[in-house]
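Asks: One structure follows; several queries about it will come next.
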C-alpha cells in the first residue's frame with residue numbers, strides 16, 4: 001500500500017477551523033490537535049461571555065401607603081364639588097387631619113373600615129343572615145366587654161371605647177343583655193317580705209345571632225369586635241341595620257375619593273410652594289411612605305379647599 005501524500009497549506013494562509021475530509025465538518029476543539037496546528041502552542045481560547053446581569057424589580061415595603069410615592073389615579077372632582085365633599089367628610093369622620101401625616105393616618109383607618117365592611121358582608125353571606133343582625137350581635141358583645149379589652153382600638157384624637165359603649169347603649173334595641181344593668185339591693189321595711197332573688201333577675205333572652213357568632217373561633221370573634229370598635233370610633237353614624245351600614249360604607253367611599261383628590265392636587269403643586277417650616281410636620285427621618293415636602297403641599301391644598309370666599 002502506497003504512502004499517502006500529506007497536503008500542507010501554503011505559507012501565510014489562515015488555518016481553517018475545520019477540515020474537509022469528505023465527511024461532515026469537525027471542529028478542532030481538542031487541545032492536542034489544536035496545539036499541533038498552532039506551532040505546538042495551545043489554541044488561544046476566547047474569553048467566556050459575561051454572565052447576564054440579573055434584573056430585579058424593587059418591591060414596595062409592606063404596609064407602606066402608596067399615596068406618598070406616586071400620584072393616585074382616581075376620578076378627579078371639580079374644585080367646588082371637592083370642597084363640598086371635603087366638608088361632608090369632615091362632618092362624618094370623628095378624626096381630624098391638617099397635614100399629610102395626619103391625612104395618611106386617617107386614610108389608613110378608612111381603608112381598614114372598608115375592608116371590614118366587605119368582610120362583614122362575606123360572613124353574613126356565608127351564614128345566610130342579614131348583615132345588620134350580625135353587626136348588632138357584635139355590638140352587644142362589645143358592650144359587655146371591659147373598656148380595657150381594646151386599649152389600642154382608639155386613638156387620642158378619637159373617643160374612648162367607654163364613650164362608644166355608652167353611645168351604643170343609648171341606641172336601644174341593640175340586644176344588650178339586661179344583666180349588665182346595675183342591680184340595687186334594698187333592705188325591706190319592717191313588715192314587708194324580702195323579695196325572692198329570682199324576682200330581681202330576669203333570664204337573659206337569646207339573641208338571634210348569638211349561637212352563630214359563638215360558633216366562630218375566639219380569635220375571629222375578637223378581630224370582628226375590634227373592627228366594630230374601630231368603625232364606631234371613626235364615623236359619626238349610628239349603625240343599627242343594613243341601611244345604616246350602607247350609609248357608612250358610602251360615606252367612607254366618598255372620604256377615600258376626597259383623600260385621593262387631595263393627594264393628586266398636592267402632587268401638582270410645585271415643591272417651591274412649601275417653605276422650610278412645613279417639613280417639621282413630618283417625623284424626621286421620614287418614615288416609609290412619608291415625604292416632608294408632599295405633606296406640606298397637602299396642608300396648602302386643605303387650606304385652600306376649606307377657604308370660604
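The values are calculated or read from the model by the stated rules, or taken from the named source; none is laboratory data. These numbers were taken from a predicted model, which means no experiment stands behind them. Virtual Cβ from ideal backbone geometry, glycine too; neighbours counted across all protein chains shown.
Asks: Mind telling me which of the residues 61, 148, 163, 140 ends up being at pLDDT below 95 and surrounded by 16 or more Cβ atoms within 10 Å (Cβ to Cβ)? Please lay out each step first, then the result.
Replies: Working: 61 fails: surrounded by 16 or more Cβ atoms within 10 Å (Cβ to Cβ); 148 fails: surrounded by 16 or more Cβ atoms within 10 Å (Cβ to Cβ); 163 fails: surrounded by 16 or more Cβ atoms within 10 Å (Cβ to Cβ).
So the residue among 61, 148, 163, 140 that is at pLDDT below 95 and surrounded by 16 or more Cβ atoms within 10 Å (Cβ to Cβ) is 140.
Asks: Among (1) over 30 Å from residue 306 (Cβ atoms); (2) at pLDDT 95 or above; (3) over 23 Å from the mean Cα position of the chain (by Cα), there is one condition residue 132 misses while meeting the rest; what is its number?
Replies: So the condition that residue 132 fails would be (2).
Asks: Could I ask something else about it? Could you say which residue among 297, 306, 256 is out of contact with any strand residue (DSSP E or B) (no Cβ under 9 Å at 6 or more places or on another chain), exposed (fewer than 13 other Cβ atoms within 10 Å of the Cβ) and modelled with pLDDT of 90 or more?
Replies: Numbers: 297 fails: exposed (fewer than 13 other Cβ atoms within 10 Å of the Cβ); 256 fails: exposed (fewer than 13 other Cβ atoms within 10 Å of the Cβ).
On inspection, the qualifying residue turns out to be 306.
Asks: While we're on this one: Looking for something modelled with pLDDT of 90 or more, surrounded by 17 or more Cβ atoms within 10 Å (Cβ to Cβ) and in contact with a strand residue (DSSP E or B) (Cβ under 9 Å, 6 or more places away or on another chain) - is there at least one such residue anywhere in the range 98-107?
Replies: Checked the range 98-107: at least one residue is modelled with pLDDT of 90 or more, surrounded by 17 or more Cβ atoms within 10 Å (Cβ to Cβ) and in contact with a strand residue (DSSP E or B) (Cβ under 9 Å, 6 or more places away or on another chain).
Asks: Go through the range 260-292 residue by residue and tally those that are modelled with pLDDT of 80 or more and either closer than 25 Å to residue 85 by Cα or in a loop (DSSP other than H, G, I, E, B) (or both).
Replies: Qualifying residue count for the region: 11.
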